[in-house]
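What follows is a short report on a single structure.
The values are calculated or read from the model by the stated rules, or taken from the named source; none is laboratory data. In this text the structure is predicted, and so the values were computed from the model without any measurement. Note: ideal-geometry Cβ built from the backbone for every residue, glycine included; neighbour counts use all protein chains shown.
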Amino acid sequence: MVAVIGACGRPSARPDEAPRAVANSDSLIQYPPRLFDQGVEGDVMVRVFVDSTGTVRPESTRIAESSGTAMLDSAALAGVARLHYTPAKKGGVPVATTFLQPVEFRHPDASAR
């Protein structure tokens, strides 16, 4: 019961290398159990600020595009805040950046409903 995070995109500082979530980080974004049981799905776009060490700064992280379901949006924000990234780099030097992180909540049985 986990959400899927997509590739990072559109860094605002235009680094040479965009930040990337570390391996096994998908398990940190949990599908809300009640919504999973109901087969509710959605996509959330989170604007994430990651510092030069790859640490997410939750106070600077916001919903850029809502799924339309508050519980999915909250789960995406909470999960992304627990992720750790390889930092963005500019000229080989780690830099802080803001970027958009897609989070998809998909139920495996939704197409059968």
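Things worth noting here:
- Of the residues making up region 72-87, just one is β-branched (Val, Ile, Thr) and either under 10 Å from residue 18 (Cα atoms) or surrounded by fewer than 18 Cβ atoms within 10 Å (Cβ to Cβ) (or both), namely 86.
- Exclusive hit being touching an Asp or Glu at 6+ places or on another chain (Cβ under 6 Å) and in a strand (DSSP E or B), set 48, 44: 44
- Residues in region 11-26 that are of a type in the set (S, T, N, Q) and part of a loop (DSSP other than H, G, I, E, B) were compared, and the one that is modelled with the highest pLDDT is 24.
- Region 26-54 residues that are touching a residue at least 24 places away in the same chain (Cβ under 8 Å) and surrounded by fewer than 17 Cβ atoms within 10 Å (Cβ to Cβ), paired with ones that are among the acidic types (Asp, Glu) and outside any strand (DSSP E or B) (beta carbon under 7 Å, 6 or more apart): 39/109
- Annotation: of all residues in region 27-40 being within 15 Å of residue 84 (Cα to Cα) and in contact with a helix residue (DSSP H, G or I) (Cβ under 6 Å, 6 or more places away or on another chain), the one that is modelled with the lowest pLDDT is 28.
- All positions within region 51-77 that are part of a helix (DSSP H, G or I), within 13 Å of the chain's Cα centre (by Cα) and not hydroxyl-bearing (Ser, Thr, Tyr): 58, 72, 73, 75, 76, 77
- Selection within region 88-111: residues that are at pLDDT 90 or above and in a loop (DSSP other than H, G, I, E, B). The member of this set that is surrounded by the most Cβ atoms within 10 Å (Cβ to Cβ) is 96.
- Screening region 41-87 for residues that are basic (Lys, Arg) and more than 18 Å from residue 14 (Cβ to Cβ) and picking the one that is modelled with the lowest pLDDT gives 82.
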